[in-house]
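Student: Submitted below is the structure of interest, expressed as structure tokens.
The values are calculated or read from the model by the stated rules, or taken from the named source; none is laboratory data. Remember, predicted model here, so these are calculated numbers, not experimental data. Virtual Cβ from ideal backbone geometry, glycine too; neighbours counted across all protein chains shown.
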Amino acid sequence: MGEGNKLARAARKEAIRRKAQRCHSHFYERVSHWSFGHHSEEPIHWHRERWVLAGTAILITALSGFIIPAWASAMRPAVTPTPHSLLPLALPKADAVVQQTPNVEDWHIVQVQPGQTLSDIFQSQGLSLADLQHVVDQSGDAKALHNIKPGQEFDFLLGSDGSLKGIRFDKDESARVMVRFDGDKPTVVAQAREVERREHVAHGVIDSSLFAAGSKAGMSNAMVLKLAELFKYDIDFVQDLREGDSFTLVYDDVYRDGAYLHEGDIVAAEFVNQGQRYTAYRFKKDDGSYGWFSEDGRPIQKSFLRIPVDFTRISSTFSAARFHPILGKMRAHKGVDYAAPTGTPIHAAGDGVVKFKGWMNGYGNFVIIQHNGSISTAYGHMSKFGSEKIGQRVSQGQVIGFVGMTGLATGPHLHYEFRVNNVQRDPQTVTLPKPEPMSGAQLAKFKSAVVQPQLARLKSLDENIKMARLSGVSRNDD
């Protein structure tokens, strides 16, 4: 019975399959090349092959991880071990004192400004006048503290409470003073500083002005002024200069502790003005002071200045008759007018005594200086006077007033008169007395130690300059 049912079911399935093939004959024709056979054994064989291949790959990878590093290690050269040695080190003693780096003191540097006083500087640091007096008393050098100049430096050491612990200042170019107040009692130490002078040579030819020629020669304006100051007794730099005039000089600069400090002095100089040769040499006199002398041993400084104001122009010369610009008529002009800006300093032409100081009709603010029994000089149209009083002695070059236009004046200028026995003489042409030369022994020392070596230097420099000019002309001709 059971067997018959199985056969019946199989026959039924076969009939259904044939019916489906007949109904969908077009589909079976299109996919007749496909294989629909039931192969139950092939998937099993396929998975077994894959497992065999995968296992082989894993085995090879594992063997490579062990074999390749072992081969690389075998090929590496053997490393020789570096020998080490032990050195005994001495340990510091337990009671040894550990040195500490000292604290750097904070010194505050203050530079003197124009117009400042020492009390101004102390007050700017929060210090009192009592502190200033204490410094003056302890330093013992009141002169260096009273005569301060712009650019000078003062170093202050202040405590945390603002109190003065120390001060440093220059006593002179070669010494510095340090005062300390941070101990039981004040201490004062003088520190020497190395000062040296380095010499330079310069040569110039006037083609437009003295300053232009000096600048071209490498000189500063300050050194040009020193050159003019040196020869102002013989040369009127307002009107005497001519194109082609020349100068040659040796001068020095001052260095302190290897750093530039300031310009020095002229050591030797030569000035040729309108064919006339003038010379000046610095010489240390027997009293220890320095002066400048000409080749014959006479002091450069004369009894009187040719011109009492610096670098101005002559607006009116000495004349027996000239047309007065304010009065509108002919009138004698018994002096020389030097036009200059208001406020230009006026210098005393020579040593003497102030004989008159006040207002004079026509002259405005007027000063007369009596130099000796016969010679006096007069200065008019001042804007204001100096501090000198009547009867007070003045020195040559001292400022006695300032240029202005008081009185009968159309513009700021100085009216300058040179009087001999109260008679006006032309300041530009009057013969001034020559100073006496130095003594015989000192003159011989001056000529052998100063004139001969410096004159040789100046001549050598002149010859080199002439040769350079000639070679330059030759090259230009070629």
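Student: Report, by residue number, each residue of the stretch 256-314 that is more than 27 Å from Gln442 (Cα to Cα) and in a loop (DSSP other than H, G, I, E, B).
Tutor: Hits for the stretch 256-314 are Asp257, Gly258, Gln274, Gly275, Arg306, Ile307, Pro308, Val309, Asp310, Phe311, Thr312.
Student: Which condition number in (1) under 26 Å from the mean Cα position of the chain (by Cα); (2) assigned to a loop (DSSP other than H, G, I, E, B); (3) modelled with pLDDT of 90 or more; (4) surrounded by fewer than 16 Cβ atoms within 10 Å (Cβ to Cβ) is the one that Gly151 fails?
Tutor: (3)
Student: Restrict the check to the stretch 251-267 and report whether at least one residue is without any contact (Cβ under 8 Å) to a residue 24 or more places away in the chain, under 30 Å from Ala349 (Cβ atoms) and under 22 Å from the mean Cα position of the chain (by Cα).
Tutor: Checking the stretch 251-267: at least one residue is without any contact (Cβ under 8 Å) to a residue 24 or more places away in the chain, under 30 Å from Ala349 (Cβ atoms) and under 22 Å from the mean Cα position of the chain (by Cα).
Student: All but one of (1) over 30 Å from Val250 (Cα atoms); (2) modelled with pLDDT of 90 or more; (3) not β-branched (Val, Ile, Thr) hold for Gln398; which doesn't?
Tutor: All conditions are met except number (1).
Student: Show the residue pairs meeting these rules: Cβ distance below 6 Å; 6+ apart or different chains; first residue within the stretch 137-153 and under 17 Å from Val110 (Cβ atoms); second residue at pLDDT below 80.
Tutor: Matching pairs, first to second residue: none at all.
Student: With (1) surrounded by fewer than 16 Cβ atoms within 10 Å (Cβ to Cβ); (2) touching a strand residue (DSSP E or B) at 6+ places or on another chain (Cβ under 6 Å); (3) not assigned by TED's automatic domain parsing to the domain that holds Gln116 as the list, and Val188 as the residue in question, which single condition is left unmet?
Tutor: Among (1) surrounded by fewer than 16 Cβ atoms within 10 Å (Cβ to Cβ); (2) touching a strand residue (DSSP E or B) at 6+ places or on another chain (Cβ under 6 Å); (3) not assigned by TED's automatic domain parsing to the domain that holds Gln116, the lone unmet condition for Val188 is (3).
Student: While we're on this one: Checking Tyr338 against (1) in a strand (DSSP E or B); (2) touching a Phe, Trp or Tyr at 6+ places or on another chain (Cβ under 7 Å); (3) at pLDDT 90 or above: exactly one of these is not met. Which one?
Tutor: (3)
Student: Against the conditions (1) assigned by TED's automatic domain parsing to the domain that holds Lys149; (2) surrounded by 15 or more Cβ atoms within 10 Å (Cβ to Cβ), where does Ser174 fall short? Just the number, please.
Tutor: With respect to (1) assigned by TED's automatic domain parsing to the domain that holds Lys149; (2) surrounded by 15 or more Cβ atoms within 10 Å (Cβ to Cβ), Ser174 is out only on (2).
Student: Further, regarding this structure: Can you name the residue in the stretch 347-386 that is part of a strand (DSSP E or B) and in contact with a Pro (Cβ under 8 Å, 6 or more places away or on another chain) and, of all such residues, is surrounded by the most Cβ atoms within 10 Å (Cβ to Cβ)?
Tutor: Here the residue is Tyr379.
Student: Still on this structure: Can you name the residue in the stretch 243-267 that is among the hydroxyl-bearing types (Ser, Thr, Tyr) and at pLDDT 90 or above and is also nearest to Phe211 (Cα to Cα) among such residues?
Tutor: Among those residues, the one meeting the criterion is Ser246.
Student: For the stretch 400-408, check the following and say yes or no: at least one residue is part of a loop (DSSP other than H, G, I, E, B) and of a type outside the set (A, V, I, L, M, F, W, C).
Tutor: Checking the stretch 400-408: at least one residue is part of a loop (DSSP other than H, G, I, E, B) and of a type outside the set (A, V, I, L, M, F, W, C).
Student: How many of the residues in the stretch 367-409 are without any contact (Cβ under 8 Å) to a residue 24 or more places away in the chain and under 15 Å from Gly335 (Cβ atoms)?
Tutor: Within the stretch 367-409, residues that are without any contact (Cβ under 8 Å) to a residue 24 or more places away in the chain and under 15 Å from Gly335 (Cβ atoms) number 1.
Student: Being polar (S, T, N, Q) and in a strand (DSSP E or B) narrows it down to one of Gln191, Gln239, so name that one.
Tutor: Answer to the selection: Gln191.
Student: If you don't mind, there's one more thing I want to ask. Looking only at residues that are among the charged types (D, E, K, R) and within 14 Å of Phe366 (Cα to Cα) in the stretch 381-410, which one is nearest to the chain's Cα centre (by Cα)?
Tutor: It comes out as Lys384.
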